[in-house]
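These notes are about the structure you will find just below.
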Amino acid sequence: MNKDEKKQKIDEKSKIEDLEEFREYPEGKGLTTDQGVKVSHTDDSLKAGERGPTLMEDFHFREKITHFDHERIPERIVHARGTGAHGYFECYESMAKYTMAKFLQEPGKKTPVFVRFSTVAGFRGSADTARDVRGFATKFYTEDGNYDLVGNNIPIFFIQDAIKFPDLIHSVKPEPDNEIPQASSAHDTFYDFVTSAPETTNMIMWVLSDRAIPRSFRMMEGFSVNTFRFVNGEGKGRFIKFIWKPLLGVHSLVWDESLKLGGEDPDYHRRDLYEAIDNGDYPEYELYVQIIEEEDEHKFDFDILDPTKHWPEEQIPPKKIGKLVLNRKPDNFFAEVEQVAFCPGNVVPGIDFSNDPLLQGRLFSYIDTQIIRLGGPNFHEIPINRPIAPIHSNQRDGYHRAMINTGKTSYSPNSLGDNCPKPVPREDGGYVHYMEKVEGRKIRDRSEKFKDFYSQARSFYNSMSETEKQHIINAFHFEVGKVESKEIRQKMVDQFADVDKELAVAIAKGVGVSPPSGGADSSKADNFPSFSMKNTVKDTVKTRKVAILAENGFNYDELIKVKSALKDAGANLEIISMYLGTIKADNGQEIEVDKNYISTASTQFDAVYIPGGRENVDSLKKRGDVLHFVNEAFKHCKAIAAINESVELLKKSDITGFSISDGEITSDKGIITVSNNDADMNNFAKEFIDAIAMHRHWDREKEEVPA
Ligand code: HDE
């Protein structure tokens with residue numbers, strides 16, 4: 001390579017790096033200005049005398065305040081509230097038959113990733129547990145460049161064409177005259193939009209189901225929603241959708257719990273994610289792909305380009321292709337979670353687009369919004385966004401440019417710089433867009449199948465368990481009940497009568513409008529078990545949080561034995577007591593308390609255990625917050641275990657409607673009791689573990705509990 005070529009070499013090494021040899025990184029971290037000048041005093045500004053005015057020449061003061069004044073950037077217009085984690089994706093089997101994507105070629109190959117989870121409607125400071133869709137966006141740092149899988153936890157969307165996205169979001173965000181309500185769809189403008197745009201019907205069924213109040217980011221699915229394409233080495237394309245499935249199963253909160261958590265712990269989901277990573281309980285998901293051959297494009301009742309339709313797993317079975325593990329928290333929330341920029345248009349060779357009109361519009365929106373949010377066109381240089389693959393382009397300058405490009409040429413073709421950087425042919429990994437044949441008139445319309453807004457919504461309702469159906473009705477009562485316009489409430493009932501007449505009658509009853517005159521019978525629609533959360537993983541208590549309620553005088557063996565059996569099964573346990581500090585067992589042993597009642601609530605646990613011990617139970621029985629704790633856990637259908645004296649606490653907490661031990665270990669509707677000093681503690685713990693693994697005992701919901 002001669003001198004000139006060297007100058008133009010593709011790998012344009014930053015000149016700044018040449019300064020590295022002069023840099024000093026002394027031990028310790030003395031305070032400096034952003035120019036590296038050491039600062040001797042930061043508690044007082046420079047003044048003319050002790051009581052005099054501040055002087056302009058105080059460069060440290062000016063720099064500190066100026067930087068502070070500019071510390072905020074615009075939050076995302078949607079998905080503003082989020083949290084993230086680093087990890088890796090591991091490929092299970094070669095997908096070379098279907099795609100050239102390098103990260104899917106070899107079993108065992110690991111690719112670093114960054115994932116951001118989010119809610120959609122709330123502002124950055126809103127509560128985690130609002131009823132909402134959750135974003136599930138993954139950046140794969142592949143050797144062929146960044147691939148972003150920007151999905152949601154619900155497999156479909158509200159609208160069919162991106163041109164309606166601003167309308168949808170304006171309607172769901174707080175109303176413009178009073179900025180109410182925050183992080184909630186329960187208001188007039190949203191349901192005005194829903195009833196004016198019936199394509200929203202199917203998505204409303206999903207959003208008013210328990211899918212929209214996940215127990216944890218670690219317990220929800222992720223869907224690409226839009227139809228993409230795999231393209232293999234021979235150039236053959238196939239339609240695809242992606243699904244992430246959590247190994248812990250798909251589980252939800254109950255509505256009352258999510259409302260309370262919004263106040264008790266607005267950071268519930270991000271805390272849960274970080275705690276899991278801290279405990280080494282790394283969140284894990286498996287990646288599945290649904291594949292449709294091009295010749296089968298028109299084989300289905302729905303149009304496979306319509307993003308308001310799910311591809312039922314029963315019709316298009318998902319193929320498991322790899323695993324995602326999240327094992328590292330961000331070091332700096334702003335630098336990573338706030339500044340990460342995803343775009344569904346960030347694809348690598350082997351992954352391509354379909355003509356899904358929602359996807360096509362998304363391809364424009366993300367970079368456009370990121371240019372304003374991240375302050376210019378160079379946000380790809382921010383560390384969290386920078387690919388691990390090298391970047392060589394003729395893009396130059398702009399705000400916050402970090403790369404120092406050398407040489408004279410920043411255009412193509414050129415002769416002065418040997419036409420570098422040169423386009424890369426397909427054989428060497430250059431991205432070539434799929435050569436789909438497209439013809440048609442310019443038209444603002446949609447295909448006929450798109451216009452069936454109800455069939456899949458009927459199937460969805462028909463596929464729900466009785467509990468899930470009741471939760472959907474309750475959600476309609478809450479959401480539509482908050483709509484002030486009676487006309488819109490009536491329109492909601494009439495619209496959802498086309499999903500199911502009985503559903504609409506039940507909605508009408510709760511929201512004070514007339515039942516529909518006619519309506520559909522959803523029981524005649526297809527039933528897809530995969531739509532329901534009933535059939536999810538229910539055989540593990542890993543990472544589940546169990547509260548142990550204890551005061552002085554607790555029975556030591558009863559506490560320790562159950563605690564260690566649950567711990568061995570993977571649960572996390574916390575001792576809750578009146579005061580922080582230590583409590584003394586009946587045998588004199590002391591144990592540390594983790595939380596007091598004032599700083600926590602039953603909503604933050606998956607199950608409750610109360611060991612016996614006369615003195616312990618007598619003091620528990622006297623406390624209103626303890627009785628409320630147990631009663632509330634009961635209302636939220638959580639597993640509760642009580643032994644010997646503590647069985648009395650259940651009655652005292654006003655909970656009834658289940659069988660209690662008469663000496664034998666008794667498990668009924670998630671309530672495990674034993675009154676027997678010689679009981680086998682292992683069996684008792686095992687029954688409790690099985691009950692926790694069920695997640696909730698919905699058969700208890702009918703009981704009247706006031707919590
Ligand atoms: Fe987004 N979406 N979206 N979206 N979206 C954004 O990009 C948009 C849609 C999704 O954690 C924005 O950088 C349009 C579907 C996630 O940083 C914006 C349309 C799905 C995230 C944008 C959609 C998503 C976003 C806002 C209709 C599921 C958060 C900030 C055509 C497949 C990413 C940003 C993160 C964020 C536009 C619909 C997922 C405005 C125009 C469908 C997970 O560009």
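The values are calculated or read from the model by the stated rules, or taken from the named source; none is laboratory data. Because the structure is predicted, anything quoted here is derived from the model rather than measured. Because the Cβ atoms are built from the backbone with ideal geometry, glycine has one as well, and the counts that use them run over all protein chains shown. Remember, those area values only see protein heavy atoms, side chains included, never the ligands or the DNA or RNA. Shrake-Rupley method; radii C 1.70, N 1.55, O 1.52, S 1.80 Å.
What separates the Cα centres of segment 338-387 and segment 587-636 is a distance of 49 Å.
Work through the residues other than E664 whose Cβ is under 15 Å from its Cβ and net out their charges, Lys, Arg +1 and Asp, Glu -1. Computed value for this residue: -4. Here is the list for segment 241-309: chymotrypsin sites (Phe, Trp or Tyr not before Pro) lying in DSSP coil, each with at most 16 other C-beta atoms within 10 angstrom of its C-beta, are F300. How far is helix 681-693 tilted off the main Cα axis of the chain, in degrees rounded to 10, range 0 to 90? It works out to around 50 degrees. Helix 357-373 and the long axis of the chain differ in direction by around 80°, with both axes built from C-alpha atoms.
Per-residue 3J(HN,Hα) values for segment 671-678, derived from phi via the Karplus relation 6.51 cos²θ - 1.76 cosθ + 1.60 with θ = phi - 60°, read 9, 10, 10, 8, 10, 5, 5, 9 Hz in sequence order (x marks Gly and Pro).
By DSSP, the beta bridges lying fully in segment 536-631 are antiparallel in about 20 percent of cases.
Note on exposure: D267, D678, D272 ranked by accessible area (1.4 Å probe, complete protein assembly) read D678, D267, D272, with the most exposed listed first. Where a ≥ b ≥ c are the square roots of the eigenvalues of the C-alpha gyration tensor, would you call segment 545-700 rounded, which needs a/c under 1.5, or, failing that, prolate if a/b is larger than b/c, or oblate? Rounded, since a/c falls under 1.5. The alpha-carbon of K442 sits under 27 angstrom from the alpha-carbons of these lysines, leaving out residues fewer than 8 places away in its chain: K164, K299, K309, K451.
Rounded to the nearest 0.05, the FRET efficiency derived from the C-beta distance between K64 and N332 at R0 = 25 Å is 0.85.
Here the scattering of segment 468-535 is modelled by Debye summation over its C-alpha atoms, one equal scatterer each and no solvent; at q = 0.13, 0.28 Å⁻¹ the log10 of I(q)/I(0) is -0.37, -1.20.
For the pairs K482/K509; K449/K469; K245/K545; K329/K534, note any where the Cα-Cα span goes beyond 23 Å. Exceeds cut-off: K449/K469; K329/K534.
The distance separating the Cα centre of segment 526-578 from that of segment 89-146 comes to 30 Å.
Working note: Cα gyration tensor of segment 137-190, eigenvalues times five, square-rooted, sorted largest first, giving semi-axes of 31, 13, 11 Å.
Dipole magnitude for the chain: about 1220 debye, using +1 per Lys or Arg Cβ and -1 per Asp or Glu Cβ, origin at the Cα centre.
Taking every C-alpha pair closer than 8 Å and separated by at least 6 residues, the mean separation divided by the residue count of segment 149-290 gives a relative contact order of 24 percent.
Near Y147, once Lys and Arg are set to +1 and Asp and Glu to -1 for all other residues with Cβ below 12 Å from its Cβ, the sum equals -2. The modelled label-to-label distance for the pair E701/S40, using points 7 Å beyond Cα in the direction of Cβ, is 7.0 nm.
Taking every DSSP helix (H) stretch of at least 4 residues in the chain, weighting each as -39,500 (n - 2.57) and dividing the sum by the residue count yields a mean residue ellipticity at 222 nm of -7500 deg cm²/dmol. Annotation: the antiparallel percentage among DSSP beta bridges lying fully within the chain is about 75.
Maximal additional length on extending the K422-S514 stretch stands at 26.3 nm, based on 0.36 nm per residue less the C-alpha distance. The loop-placed GluC sites (Glu not before Pro) in segment 400-452, going by DSSP, that have at most 12 neighbouring Cβ atoms within 10 Å of their Cβ come out as E436, E439. With R₀ fixed at 51 Å, the C-beta to C-beta distance from H400 to D662 puts the FRET efficiency at about 0.10.
Two-decimal Rg/Rh of the chain from alpha-carbon positions, Kirkwood Rh? Rounded to two decimals, Rg over Rh is 1.02. For M435 and E275, the difference between the fully extended length at 0.36 nm per residue and the C-alpha to C-alpha distance is 52.9 nm. Cross-link reach is defined here as a Cα-Cα straight distance under 22 Å, omitting same-chain residues fewer than 8 places apart; for K38 the lysines meeting it are K29, K47, K64.
Computed across segment 413-459, the Kirkwood hydrodynamic radius from all distinct Cα-Cα pairs reaches 16.2 Å. Of the beta bridges in segment 545-700, as assigned by DSSP with both residues counted there, near 25 percent are antiparallel. Restricting the GluC sites (Glu not before Pro) of segment 302-404 to loop positions (DSSP other than H, G, I, E, B) with no more than 16 neighbouring Cβ atoms within 10 Å leaves E313, E314.
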